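Student: Next up is a structure, given as structure tokens.
The values are calculated or read from the model by the stated rules, or taken from the named source; none is laboratory data. Remember, predicted model here, so these are calculated numbers, not experimental data. All Cβ positions, even for glycine, are placed from backbone atoms using ideal geometry, and neighbour counts span all protein chains on display. All accessible areas refer to the heavy atoms of the entire protein, side chains included, with ligands and DNA or RNA removed. Shrake-Rupley method; radii C 1.70, N 1.55, O 1.52, S 1.80 Å.
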Amino acid sequence: MKVSLSWLRRYIELDKSPDEIEEALNLSGLEVEGAKTLGLPQLENVVVGEVVSREQHPNADRLSVCEVTTGSEDNHNIVCGAQNFQPGDRVPVALPGAVLPGNFKIKKSKLRGVKSEGMMCSARELNLGEDHSGLLVLADKPEIGTPINEVFPEGETVFDLAVTPNRPDALSIIGIARELAALFSLKIKKPELKDASAAGSGASPFLDSVEVEDPGFCPLYTAFSIQGVKMGPSPEWLRKDLEAIGLRPINNVVDITNWVLMETGQPLHAFDASKLRGRCIKVRMATENEKITTLDEKERILSADMGVIADAERPLVVAGVMGSVDAEVDENTTDIVLESAWFKPESVRLTSRRLGLSSDSSYRFERHVDPDGVVYAARRAIDLILEIAGGTLVGEPSVSGEPPAGTDPISCEPAFFNKTLGFDVKSADIRQILESLGLSIEENGSQWTVNVPTFRPDIDRPIDLVEEFLRIHGTHNIPASPVQVSGLHAQDDAIAIFGGRAGKYLSANGFNECNIYSTRPGEEVETLFGAKYAEALKLANPLASDQTHLRPSLIPGLLEALHLNQAHGNDPLRLFEKGRVHHVLDGEVVEMISIGFILLQEPLQRHWQDTAPNDFFSAKKVSIEIARLAGTDPDTLVFEALESTLWQPGHSASAGSVKDGCLVECGLLDHKRIADLDIKGTILAGTCCFTAETLRKVASQPGFQPISDFPHANRDLALVMDAKIPAGQVLAEIRKAANEACPDEFDAQEISIFDVYQGEGLPENHKSIAFAISFRSMERTLKEKEVNQAFETITRAMTENTPYDLRS
Amino acid sequence: MEEELHALVKQAESGQNAVSTRAELADFKATFVGPNGSLTTVSKGIGKLPNDQKPVFGKKINEVKQRLEGIFSSIQDKIEAVEFEARMGPAVDPSLPVAESQPGTEHPLTQAREQIIGIFRQIGFTVVEGPELETEFFCFDALNTPASHPARDMQDTYYLPGDFRLHGEQKRDDESFILRPHTSAVQIRTMAKRKPPVRILSPGRCFRRDTVDATHSANFHQVEGLYVDREVNIRDLKAVLDHFVQELFGSDTRTRFRPSFFPFTEPSFEMDVQSTNLGKLSGRWIEILGCGMVDPNVFSHVGYDAEEVSGYAFGMGVERIAMILHGIDDIRHFYQNDLRFLQQFKSV
């Protein structure tokens, strides 16, 4: 919403500077997005001077040295480059200390060796126009020494306001004047209507009827007939007002409707009466696929839930949004039907969005125009039309319906203000502020009944009154105070705790955290995760073609980050991201909290010292540490070979599942895919995904287990087996066998794998795994005999009727 | 015999320096204490001595034996030290860089988030989390943003198709699932579960259907706060936010509240700060967050009695805070993850 200072001054005597006005508006809730001053700003030390003499500069052909009087005791010596003046001319003189537009500071100086005590100015230097060809010679010779602001009327300042959707009242110049009047304690003068606009005599010669099909859509419709107008350009003041706020003048009638729209916030529409077919106006819903060519010369196809203003044959206006070319007033128009109405905000909004067509009218209708302003605005426009374009109002206005009621009076107590604000304010101050905004208060003991004007549909509860009071009272009056805190029983969410710990663990281990968009291209999702995922994870309204799907994994994004870094000449070794991913389970999408990481097998850049290359187990190590931080015991994770497009077969594994609420995948990424992505190096990766329920599972406090004071006895067991058998399976079986083999007095729970061998000395496709079993008792030192006995039992259990042989 | 013993010790002392390997040490030991060693031979002579001299001589032999053991053990130490040095190689050049010299880093957005949360945690706020895939009810209806509100425009919010099914979440009527445009939905979910008093922060990623440029990002992060209790007022809100910005930007930071509009708070404010510690932005009013008193309509959706309790809420963009704190001029840096950017925010 643009508003000019001079227009505002038609209603209030505003003597504040543009800066003060801007600040006041900003701090009262009408945000000034921009303020632009055209014309002469307020200038200090710029006065009318007269050139006393003009001599050639001794050292410069193009400069002259002038003696200039500004009425002070001493004349000023000024060096000047302009040519269009002579002694006796009066010109604007900027004396030392002046600051010209563009923060140009005038100081005493020397130009080519000659002192200069100021500057004579061109029009452009004073922001008075574009002319910079020479000095601004003041032809009507104002008094010498007169401040330049007294010679030229003040410039125009235009504020561009960002009006929040709750403030339809501020979408008019009068509305903003009302706001400023409240802020600066001024009186507002609303234009008086003339009797001539109330009703004409006789009947309208060109409008017989107004029909409103659905009063729910249009509760109030008014139409006024004006006969015998003379179309033409608008007067200067009207054109200037419109141009200042960025509107293009068209002709007097259209300009008046636009001007009154801006003045009052009520949209108006003028029809050329001769173009109305059937001498009637029908406010109806459009028929499906009905066509209309709007004033922007685009054909629009309407649907049955959009309102139109039509004559007997065709739609003439998309109701509340824009008129058509068919009934537009033009230079030949003599008779006018002027419409002023109130349309249901939601309907106008819907139509405007659906057509992708927003106008000054729709913007206001969809935010709720003042129901009591409908007729006022029409009459205000008629007053101006009759004055400017001539003509007479004929007939009674055609009125259909009633203005919708405003909000009900609000009951509240002044004490409610103090309670909500947290500091004491006088009820007289509250009353004064609310009244300045157009509200009225009936006092009944400690109870107030506050009547709200119809232009403030946003105020309907006591809390809304507190807001109004505080806006005008000033938020700077909220006293500063220390924070008062009472303790509450609450802990951070487990998701946040996990994220914090995992981030610290990974960054401490050399990983760099990334943030990557949560949406991915559909093609990628389909390739890596299959058609089911691609179908389930697509957005309804993506904006960019490579951001169409929810991501099921953090890895592709990390690869993108890696690629970008390599292209930039960086050599990141370890990257990670914390984020949400979405999986698909039984046709439903499951949101999971995920950590993804990638690490290079070896750095690309040379280094003086070799380090051990990373492998599957490096990725597994990181993955299980993350699982541990998530509260999952790594011993419960069963890692199995992974079959997936993303991962390299034989060098990758997964544990858990989406269904279990914990899914871990790690290992080598498919080398062909990495190469296709133009990524250098061999890339290992891991992802850990957990549902919120998994992370929020409350971990029990670890209970203390007594530790043995007695020595342990070790035995080694080496088994030969098919190379395909996973070590984890064998280990689990040995644990079970050991548990069964040991009597109550001791156990053998510490079992570790210390060697895996494949090759010479073993059958083909076989391997040997060697386990160290540690026996220990809580009660005593173990005897050799009982340990041997238990060990033999374990050995037998593992080698009899099993796929394992004892390695000889 | 004593002379023999004396000579033997001398021989061991003078010979020890020549021993430099474990094999030589074994031989060296054998010459004294082996089966044919000189000390063994001398010891055998004890039997020929008169009985009264035997103990004296025995004691002497023992003394010599200990002397020899001491010599052997110092040779052993010397050999081990030499072997260890050989194994460790020459002295290191401690000024050489380590192989993996890239330090790990947490993303500047993570750091800013933690900084924000840390300040509020001091004054009794705890963190709640919620899903990024949300429903229209939790993001809009429950937050007093009716279907006709411009904020619900398909233009600004990412929607999921009508047949989208989300695990653990039932749709209300014909509402849609959306990518959350703010984290306020988490506050609603929390209030629906907990009775007041509630004092929470909801940080997290949000989405806006927006074309990306230097100041706009389609993914962004917020930290929102909420406090609901008996008699919470506007002055409390200002006190908490003043405390926050003074912790974040320095104790000389000034604040101002500009009245504004959000559907879920009434009254609503934008808060500006002015500080001397902000580089190029020093001394200017900078918009930093939105806040206000929780609208009574919001309480009605979560079963709180607006007559009994009141509350305040605030929300800020983590990107914006990080950009102000570090003087970052383009929001896209956060999502490009160039190592040269990330490494500027090394944890110290």
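Student: Which pairs break 27 Å Cα to Cα here: A:LYS190/A:LYS240; A:LYS697/B:LYS193; A:LYS190/A:LYS426; A:LYS621/A:LYS736; A:LYS659/B:LYS171; A:LYS578/B:LYS346?
Tutor: Over 27 Å apart, Cα to Cα: A:LYS190/A:LYS426.
Student: Helix A:173-184 versus the longest principal axis of chain A: what angle, 0 to 90°, nearest 10, using Cα atoms?
Tutor: Helix A:173-184 and the main axis of chain A meet at about 80 degrees.
Student: Heavy atoms only, probe 1.4 angstrom, no DNA, RNA or ligands counted: give me A:HIS607, B:HIS107 ranked by accessible area, highest first.
Tutor: A:HIS607, B:HIS107
Student: At 0.36 nm per residue, minus the direct Cα-Cα distance, what do A:GLU745 and A:ALA162 gain on full extension? Give it in nm, one decimal, please.
Tutor: 201.7 nm
Student: Right, another one. Give the accessible area for B:SER38 in Å² (nearest 10); use a 1.4 Å probe, count only protein heavy atoms, and leave out ligands, DNA and RNA.
Tutor: Solvent-accessible area, nearest 10 Å²: 40 Å².
Student: Here's a follow-up. Mind checking the angle between helix A:427-436 and chain A's longest principal axis? C-alpha axes, 0 to 90 degrees, to the nearest 10.
Tutor: Approximately 70 degrees, to the nearest ten.
Student: Something else now. If the only charges are +1 at each Lys and Arg Cβ and -1 at each Asp and Glu Cβ, what is the size of the charge dipole of chain A around the Cα centre, to the nearest 20 debye?
Tutor: That gives chain A a dipole magnitude of about 1020 debye.
Student: With only alpha-carbon atoms in the gyration tensor, what are the semi-axes of the equivalent ellipsoid for region B:108-342, in Å, largest first?
Tutor: Ellipsoid semi-axes (Å, largest first): 28, 24, 15.
Student: So what is the 222 nm mean residue ellipticity for chain B from helices alone, if each DSSP H run of at least 4 adds -39500 (n - 2.57) and you divide by all residues, rounding to the nearest 500 deg cm²/dmol?
Tutor: After summing the helix terms and dividing by the residues of chain B, the value is -12000 deg cm²/dmol.
Student: How much length is gained if the chain between A:ARG796 and A:GLU346 is pulled fully straight, taking 0.36 nm per residue apart and subtracting their Cα-Cα distance, in nm to one decimal?
Tutor: 153.8 nm
Student: For chain A, what is the mean residue ellipticity at 222 nm derived from helices alone (per DSSP H run of n ≥ 4: -39500 (n - 2.57); sum divided by total residues; nearest 500 deg cm²/dmol)?
Tutor: Computed ellipticity for chain A at 222 nm equals -7500 deg cm²/dmol.
Student: Still on this structure, I have one more. With r as the distance between the Cβ atoms of B:ASP210 and A:ALA567 and R0 = 30 Å, compute the FRET efficiency 1/(1 + (r/R0)^6) and round to 0.05.
Tutor: According to the calculation, E is roughly 0.70.
Student: Hey, another quick one. Using the beta-carbon distance between B:ALA192 and A:ALA723 and R0 = 60 Å, what value does 1/(1 + (r/R0)^6) give for FRET efficiency, to the nearest 0.05?
Tutor: 0.60
Student: Among residues other than B:ILE61 whose Cβ falls under 15 Å from its Cβ, what is the net charge (Lys/Arg +1, Asp/Glu -1)?
Tutor: The answer is +2.
Student: Is there a simple number for the mean count of other chain Cβ atoms within 10 Å of the Cβ of residues in A:479-489, and what is it?
Tutor: 6
Student: In region A:363-446, which trypsin sites (Lys or Arg not before Pro) fall in coil by DSSP and have 13 or fewer other Cβ atoms within 10 Å?
Tutor: Hits after loop and neighbour filter: A:LYS426.
Student: Tally Lys/Arg at +1 and Asp/Glu at -1 over every other residue whose Cβ is under 12 Å from the Cβ of A:ASN332; what's the total?
Tutor: Result for the neighbourhood of A:ASN332: -3.
Student: Please work out, to two decimal places, the log10 of the ratio I(q)/I(0) at q = 0.07 Å⁻¹ from a Debye calculation in which every Cα of chain A carries one identical scatterer.
Tutor: Reported log10 I(q)/I(0), two decimals: -0.87.
Student: While we're here: At a 1.4 Å probe radius, which order do A:GLU13, B:GLU308, B:GLU85 fall into by accessible area, largest first?
Tutor: Largest to smallest exposure gives the sequence A:GLU13, B:GLU85, B:GLU308.
Student: Then there's this: Can you pull out the chymotrypsin sites (Phe, Trp or Tyr not before Pro) in region A:569-636 that DSSP calls coil and that have at most 14 other Cβ atoms within 10 Å?
Tutor: A:TRP608
Student: How much length, in nm to one decimal, is gained on full extension between B:THR21 and B:VAL98, taken as 0.36 nm per residue of separation minus their Cα-Cα distance?
Tutor: Difference between extended and current length: 24.2 nm.
Student: Identify the GluC sites (Glu not before Pro) of region A:675-750 meeting these criteria: DSSP loop state and at most 13 other C-beta atoms within 10 Å of the C-beta.
Tutor: Answer in residue order: A:GLU745.
Student: Going 7 Å from the Cα of A:ASP678 in the Cα-to-Cβ direction, what parts of region A:550-575 have a backbone nitrogen less than 11 Å from that spot?
Tutor: Taking a point 7 Å out along Cα→Cβ of A:ASP678, the residues of region A:550-575 whose backbone N falls under 11 Å are A:563-564, A:567-568.
Student: What's the FRET efficiency of B:LYS280 with B:GLN343 using the Cβ-Cβ distance as r and R₀ = 25 Å, to the nearest 0.05?
Tutor: It comes out at approximately 0.65.
Student: Tilt of helix A:784-799 relative to the longest C-alpha principal axis of chain A, in degrees (0 to 90, nearest 10)?
Tutor: Helix A:784-799 and the main axis of chain A meet at about 70 degrees.
Student: Could you check how much of the accessible area of chain A is carbon and sulfur, as a whole percent, using a 1.4 Å probe?
Tutor: About 48 percent, which is the carbon plus sulfur part of the accessible surface.
Student: Turning to a different aspect of this structure: A:VAL399 versus A:ALA544, label points 7 Å from Cα toward the beta carbon: distance in nm?
Tutor: Computed distance between label sites A:VAL399 and A:ALA544 equals 5.7 nm.
Student: Quick one: accessible surface of A:ASP460, probe radius 1.4 Å, all protein chains present, in square angstrom to the nearest 10.
Tutor: My reading of the accessible area for A:ASP460 is about 80 Å².
Student: Could you tell me the accessible area of A:VAL638 in Å² (1.4 Å probe, neighbours in place), rounded to the nearest ten?
Tutor: 90
Student: Membrane-span-like helices in chain B: DSSP H runs reaching 24 Å or more (Cα, own axis), mean Kyte hydropathy at least -1.0?
Tutor: B:54-88
Student: At what distance in angstrom do the alpha carbon centres of region A:216-240 and region B:37-98 lie from each other?
Tutor: Result: 121 Å between the Cα centres.
Student: Remind me, relative contact order of region A:137-279 in percent, using alpha carbon pairs under 8 angstrom and six or more residues apart?
Tutor: Once divided by the residue count of region A:137-279, the mean separation gives 24 percent.
Student: Taking every pair of Cα atoms in region B:1-91, average 1/r, invert it to obtain the Kirkwood radius, and report Rg/Rh to two decimals.
Tutor: That ratio is 1.12, to two decimals.
Student: Rounding to the nearest 20 debye, state how big the charge dipole of region B:2-88 is about its Cα centre with +1 on each Lys and Arg Cβ and -1 on each Asp and Glu Cβ.
Tutor: 320
Student: While we're on this one: If you add up the charges near A:GLY81, with Lys and Arg at +1 and Asp and Glu at -1, over every other residue whose beta carbon is less than 13 angstrom from its beta carbon, what do you get?
Tutor: After counting each charged neighbour, the total is +1.
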